[in-house]
Structure formats: structure tokens, C-alpha cells
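Colleague: Would you mind keeping the following structure in view while I ask a few things?
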């Protein structure tokens, strides 16, 4: 992919993000933060590439540590979001 | 994604299908993340949204593992198990009042992961397919990598400070270095200098200096910011963690990372904007820091003003006679763990035919939406909880406004007193209710902004001086 295609995806995603986030109800802003935390750990993709590669020992270990850190975030972020969301209940009628 | 013909790579791709399969998979992952956020537009769709997010993450991870030759599957498995285990245990054990700290800690991990990935890419660029034929890192990748590492480092060190302040390991008071603006400016310029240097030369010295300076400025930026501004700070760091992920996505040419980074970056930016507006603070003044440092200027004269004091029985009587009660909770309520007792009180009142609603100021908690989570945890139905702009007009028709653990967000001075530090901040119009019941530990303490609240001395205000939880429990007893 060339730089311009990547930039296009990025700019359009910013617009998508802008409209999607404004549509989030304010009462769910804390779960929004914890779930954005979890998804921004998609950086684990880069960590996995580094950790999986033979070639540089340092790079591999940096990658492994990054995989561990991102995993804390992915599992912790999604789990705590799910825990919070399960608390939101409607009035019993 | 590594298919560009001019790109030399000694990394063997074990691609199991045509080239476009992984590209498409990452795109699908990115779309899942958009849907995850979209789900949060209402509590009903939110849980499904979160599951979609998990699906997206699974797709991204599986795609990466499936398209790369794995030289160290064991180690990776262990890293995921250890990290995932810590994450799951923390997520299960964390108290809802401690959510801001947890989120700050999570931000720091994203920042650190970005730095580590950047460093790994720098040390072994061919693995990431970002080298030219001679084995040198591509120019555009050098900029992206440098930016990613810089933003990641700032996110990490800034979040660590935010965590320490929120967790109480470090004073919430702003710590002001002399000439801090000049120091920050100098470090900022140095970062730009080394960013350019790294772009120009790709030398290790430039790279590591850039990283070190970015760590330093993260500390320097957050240390002078006071506790009152923390909701803005964690939103801002949320945004940074997104931009860091996006920058790494640019480096790795990965759609899922770019889409996610853009989403998270915008999300944090919007939340920062909402928080700034809710406190009537400009973003620049938050960053400049120091808010809350001049709290000592409180007027001593105000202490001796007459006020009405009431008991739990008075409060119970007033509320049971009311048609409509609006509860205004603040962080003080959460600190004294009064939310469960409060919900019991509301249940009792509802049994007596009183209409009960909750009014939430955007900065009622320590992070955006925090109070809503705390109430939800206490089984308060979310359709009884209203945001400031939706309920403010209703105070005029309410018989009782029950303020518990909130202070500054109810201060009428924000509307009338131009000399007040909180002037212009949107506040809840509690004084328009027929009676205001104000639960407060004692008359001495002032709110977070360090200003006296003239609401205490109004004719229609009754002060209930006690610990929030004890007071509510006594009211429940008197009601029953």
C-alpha cells in the first residue's frame, strides 16, 4: 500500500471516529474509554510480528514484552468493559 | 501488505492464501472496532458491540499469526497467557471507584507497547518490510516510526503520572517547577530536532535520544496538572494512545491499526473537549497546568454566615411528602460508598409514590461517565439517570433537590459571580427546587476548586452535616 492510500484510510477513519463517538451516550463514556483502551492494543499486531521473527534477539524480546503488555490491555480492557456494561439495567416495570 | 515490488524483505511470509486475504481480514477487524464503538450509543446494544470488538481483535491476532512464520510460538503463548491473566484478574477485582486509575494504567501500557514495537522495528526493520534494497529503513517509515515512538513515550510517562495522582501515590496538587514553560518548550524543540535528525540519518543515537526526551516531556507535562483537571488529562492520554497506535499502523501499513488509532484518537479528543466544556476550562489552560494551586484564597468571612441545619428525620419527612425528588450525586458520595444506601433510599421513596430522578454533571466523577457507572453498580436503573442538559429545567418543578457529595457543580456563583474561579462553568440549577437538601461532612471544607458555595446559606437550603453514607442510612431508617 502506498502512503496516500494509507493516509486516505486514516483521514476517513478520523471522520468515522468523530461521528461515531458523538453518537455515544454520555452515560457510557467510561466504558467507551475502557473499550478504546482495549482496541488500541491492536498494536499487538506489531508486537507479534517482532516477537515471531528470528533475526534479532533484542527485537524479539522487545516484541515479547510488548505482546505481554498489550495482552494485559486487550483482556483487561474488554473484560472490564463487559463487567461495567452488564451493570446497566433498565427500570423494572 | 508486504507485496510492494520495490520492497526487499528477507522475512519469509508463510502466506496461506492470496495476498489480499490478510489485508481484507485487517479491514474487517477495523470495521468490527467501529461497530464496537457504535454499539455504545445505547446500553442495550453496548454488550453486543463489545463482543464485536473482541471478535475484531481475534481476527487481527489470528491473521497476524497465520501470515507470519512463527519462530517463537511458545514464548508468544506464554507472553499472552501472562499478560492476559493479569488483565483478567485486574478487570475482575478492580473497584468501580478506581476505574480512572485503571484506565490511566492501561493507557500507559498502550504507550509502552508502542515504544517497544517502534524500537523492535528500528532494530529489525526487515521483519516489518520497511527497508529499501540496500537494507536501510525507508524515509517515510523513519518519520512514522519516530512519531509513533515519541507519542507512545509521552503517553506512557504521562499516564504513569496520571495513575500516581489518581491513585493517591502522588499529591493531587499541581507541582509547579519554576520556568516550566521554558523547560517544556526547550524539550519540545529538542524532540522536533531529534525527530528530524532521525529522519535525516536513521542513527541509533537520534532514535534513543528522541525516545528518552519524549518520556521526559510526558512527565513534565502532567506533573503540574492538578487533580481537578484529571478528567481532561485521562481523556487526552486516551487520545494520545490512539495516535500512537495510528502512527505504528502507518509504519506497519496495517489497516486495522490505522482505523483503530484514528477512532481512539478522535474519541479521546472529543472526551477532552466535553470535559473542558463541562469545567469551562480551555484546553490550553489545562495543559499549562496549575489549576487548584491557589485554593488558599478562600474568603474567611464566609465561614460565619448563618445556615439552616437539618436532621435525617427532617430530610426523610420532606422527601416523603414530595412529589418529585432529584438526587445530585458527586464524587464524595462514591468516596463514602453511599451509592447502595442511596438506591435503597430512592426505592423507599418510590414505594411512597415519589418520583425520583438522578442528575449527573459531566464532571461528577473522576473521569467521563464515571458517576453513571457507579450508580449502575448500585443497581440504579439507567433510565432514571439524566445528564445535565436533559434535566436542568426540571429542578424548577422538583420539590427536593438532594445533593450528596457534590459541591462545585451546584454552585450558583458559576452563573452570577464573575470573580469566582468557576464562573461560566455549566452547573446544575439545584437552587430552583423548592427545598435543597445538602449532605456534607462539615461546613469547613470547600469543593475541589477551593471556592465557598453560597447555596449553603440560602433560605431554601437545609444542610445535612454528616458522613454521606451514615446520613443516607439514617434517612432510610426514618423512612421505613
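The values are calculated or read from the model by the stated rules, or taken from the named source; none is laboratory data. The model shown is predicted, which means the values in this text are computed figures rather than measured ones. Here the Cβ is made from the backbone with ideal geometry for all residues, glycine too, and neighbour counts use every protein chain on show.
Colleague: Name every residue in the range B:415-443 that is part of a helix (DSSP H, G or I) and in contact with a helix residue (DSSP H, G or I) (Cβ under 8 Å, 6 or more places away or on another chain), in order of residue number.
Modeller: Answer for the range B:415-443, where residues must be part of a helix (DSSP H, G or I) and in contact with a helix residue (DSSP H, G or I) (Cβ under 8 Å, 6 or more places away or on another chain): B:430, B:431, B:432.
Colleague: For the condition in contact with a strand residue (DSSP E or B) (Cβ under 8 Å, 6 or more places away or on another chain) and under 20 Å from residue B:336 (Cα atoms), what is the one hit in B:439, B:400, B:476?
Modeller: Going through B:439, B:400, B:476 in turn, just one is in contact with a strand residue (DSSP E or B) (Cβ under 8 Å, 6 or more places away or on another chain) and under 20 Å from residue B:336 (Cα atoms): B:439.
Colleague: Report yes if residue B:376 is without any contact (Cβ under 8 Å) to a residue 12 or more places away in the chain and under 21 Å from the mean Cα position of the chain (by Cα), otherwise no.
Modeller: Values: without any contact (Cβ under 8 Å) to a residue 12 or more places away in the chain: yes; under 21 Å from the mean Cα position of the chain (by Cα): yes.
Taking the combined requirement at face value, the residue satisfies it.
Colleague: Here is a follow-up. Would you list the helices (runs of 4 or more DSSP H) that sit entirely within the range B:275-370 and hold 2 or more residues that are at pLDDT below 85? Show your work before the answer.
Modeller: Details: elements: B:283-288, B:312-320, B:331-335, B:339-351.
So the answer is B:283-288.
Colleague: Only one residue in B:195, B:147, B:166 is farther than 27 Å from residue B:250 by Cα and surrounded by 13 or more Cβ atoms within 10 Å (Cβ to Cβ). Which one?
Modeller: Details: B:195 fails: farther than 27 Å from residue B:250 by Cα; B:147 fails: farther than 27 Å from residue B:250 by Cα.
Testing whether each residue is farther than 27 Å from residue B:250 by Cα and surrounded by 13 or more Cβ atoms within 10 Å (Cβ to Cβ) leaves just B:166.
Colleague: Just for helices (runs of 4 or more DSSP H) wholly inside chain A: which have at least 2 residues that are under 15 Å from residue B:36 (Cβ atoms), within 7 Å of chain B (Cβ to nearest Cβ) and touching a residue at least 12 places away in the same chain (Cβ under 8 Å)? Lay out the reasoning, then the answer.
Modeller: On the way: elements: A:3-22, A:29-40, A:44-52, A:57-85.
So the answer is A:29-40, A:57-85.
Colleague: Is there a residue being at pLDDT 90 or above and more than 20 Å from residue B:111 (Cα to Cα) anywhere in the range B:209-225?
Modeller: no
Colleague: With the condition kept exactly as written, say whether any residue in the range B:191-209 is touching a strand residue (DSSP E or B) at 6+ places or on another chain (Cβ under 6 Å) and assigned to a loop (DSSP other than H, G, I, E, B). Give the derivation first.
Modeller: Our first condition is that a residue be touching a strand residue (DSSP E or B) at 6+ places or on another chain (Cβ under 6 Å); within the range B:191-209, this holds for B:202.
Now drop any that are not assigned to a loop (DSSP other than H, G, I, E, B), which leaves B:202.
For the range B:191-209, residues touching a strand residue (DSSP E or B) at 6+ places or on another chain (Cβ under 6 Å) and assigned to a loop (DSSP other than H, G, I, E, B): present.
Colleague: Exactly one of (1) in a helix (DSSP H, G or I); (2) touching a residue at least 60 places away in the same chain (Cβ under 8 Å); (3) under 26 Å from residue A:30 (Cβ atoms) is unmet by residue B:174. Its number?
Modeller: Residue B:174 satisfies all of (1) in a helix (DSSP H, G or I); (2) touching a residue at least 60 places away in the same chain (Cβ under 8 Å); (3) under 26 Å from residue A:30 (Cβ atoms) except (1).
Colleague: Does residue B:380 fit the bill of being surrounded by 18 or more Cβ atoms within 10 Å (Cβ to Cβ) and at pLDDT below 90? Before you say what the answer is, go through the steps one by one.
Modeller: Working: surrounded by 18 or more Cβ atoms within 10 Å (Cβ to Cβ): yes; at pLDDT below 90: no.
In short, no.
Colleague: Scan the range B:253-263 and give yes if some residue there is at pLDDT below 85 and in contact with a helix residue (DSSP H, G or I) (Cβ under 8 Å, 6 or more places away or on another chain), otherwise no.
Modeller: Just the residues of the range B:253-263 that are at pLDDT below 85, to begin with: none.
No, because not a single residue in the range B:253-263 is at pLDDT below 85 and in contact with a helix residue (DSSP H, G or I) (Cβ under 8 Å, 6 or more places away or on another chain).
Colleague: Is it fair to say residue B:347 is surrounded by fewer than 19 Cβ atoms within 10 Å (Cβ to Cβ), within 12 Å of chain A (Cβ to nearest Cβ) and within 19 Å of residue B:475 (Cα to Cα)?
Modeller: Values: surrounded by fewer than 19 Cβ atoms within 10 Å (Cβ to Cβ): yes; within 12 Å of chain A (Cβ to nearest Cβ): yes; within 19 Å of residue B:475 (Cα to Cα): yes.
Spelling it out, residue B:347 is indeed surrounded by fewer than 19 Cβ atoms within 10 Å (Cβ to Cβ), within 12 Å of chain A (Cβ to nearest Cβ) and within 19 Å of residue B:475 (Cα to Cα).
Colleague: Can you pull out the residues in the range B:389-405 that are modelled with pLDDT of 90 or more and either assigned to a loop (DSSP other than H, G, I, E, B) or surrounded by fewer than 20 Cβ atoms within 10 Å (Cβ to Cβ) (or both)? Break it down into steps so the answer makes sense when it comes.
Modeller: So the first thing to find is which residues in the range B:389-405 are modelled with pLDDT of 90 or more, and the list is B:389-404.
B:389, B:390, B:391, B:392, B:393, B:394, B:396, B:397, B:398, B:399, listed by residue number.
Colleague: Also, I was wondering about something else. Given the conditions (1) away from chain A (no Cβ under 14 Å); (2) under 19 Å from the mean Cα position of the chain (by Cα), report the number of the one that residue B:188 does not fulfil.
Modeller: Of everything listed in (1) away from chain A (no Cβ under 14 Å); (2) under 19 Å from the mean Cα position of the chain (by Cα), residue B:188 misses just condition (2).
Colleague: Looking at the range B:172-192, is at least one residue modelled with pLDDT under 85 and in contact with a helix residue (DSSP H, G or I) (Cβ under 6 Å, 6 or more places away or on another chain)? If you could, list the steps in order and put the result at the bottom.
Modeller: Step one: list which residues in the range B:172-192 are modelled with pLDDT under 85, which gives B:172-181.
Filter once more, keeping what is in contact with a helix residue (DSSP H, G or I) (Cβ under 6 Å, 6 or more places away or on another chain): B:172.
For the range B:172-192, residues modelled with pLDDT under 85 and in contact with a helix residue (DSSP H, G or I) (Cβ under 6 Å, 6 or more places away or on another chain): present.
Colleague: Would you confirm whether or not the range B:393-402 contains a residue that is more than 14 Å from chain A (Cβ to nearest Cβ) and under 20 Å from the mean Cα position of the chain (by Cα)? Lay out the reasoning, then the answer.
Modeller: Within the range B:393-402, the subset more than 14 Å from chain A (Cβ to nearest Cβ) is B:393-402.
The next check asks that each one be under 20 Å from the mean Cα position of the chain (by Cα); those that pass are none.
No, because not a single residue in the range B:393-402 is more than 14 Å from chain A (Cβ to nearest Cβ) and under 20 Å from the mean Cα position of the chain (by Cα).
Colleague: What do you reckon, is residue B:256 in contact (Cβ under 8 Å) with a residue 40 or more places away in the chain, under 20 Å from residue A:41 (Cα atoms) and surrounded by 23 or more Cβ atoms within 10 Å (Cβ to Cβ)? Please lay out each step first, then the result.
Modeller: Working: in contact (Cβ under 8 Å) with a residue 40 or more places away in the chain: yes; under 20 Å from residue A:41 (Cα atoms): yes; surrounded by 23 or more Cβ atoms within 10 Å (Cβ to Cβ): yes.
When the stated conditions are applied, residue B:256 passes them.
Colleague: Among the listed residues B:115, B:103, identify the single one that is buried (at least 19 other Cβ atoms within 10 Å of the Cβ), more than 7 Å from chain A (Cβ to nearest Cβ), in contact (Cβ under 8 Å) with a residue 60 or more places away in the chain and in a helix (DSSP H, G or I). Spell out how you get there, then give the answer.
Modeller: On the way: B:103 fails: more than 7 Å from chain A (Cβ to nearest Cβ).
Residue meeting the stated conditions: B:115.
Colleague: Residues being over 20 Å from residue A:33 (Cβ atoms), surrounded by fewer than 18 Cβ atoms within 10 Å (Cβ to Cβ) and more than 7 Å from chain A (Cβ to nearest Cβ): count how many of those fall in the range B:45-68.
Modeller: Residues in the range B:45-68 being over 20 Å from residue A:33 (Cβ atoms), surrounded by fewer than 18 Cβ atoms within 10 Å (Cβ to Cβ) and more than 7 Å from chain A (Cβ to nearest Cβ): 4 in total.
Colleague: Could you list, in sequence order, all residues of the range B:81-96 that are without any contact (Cβ under 8 Å) to a residue 60 or more places away in the chain and buried (at least 21 other Cβ atoms within 10 Å of the Cβ)?
Modeller: Result: B:83, B:87, B:91.
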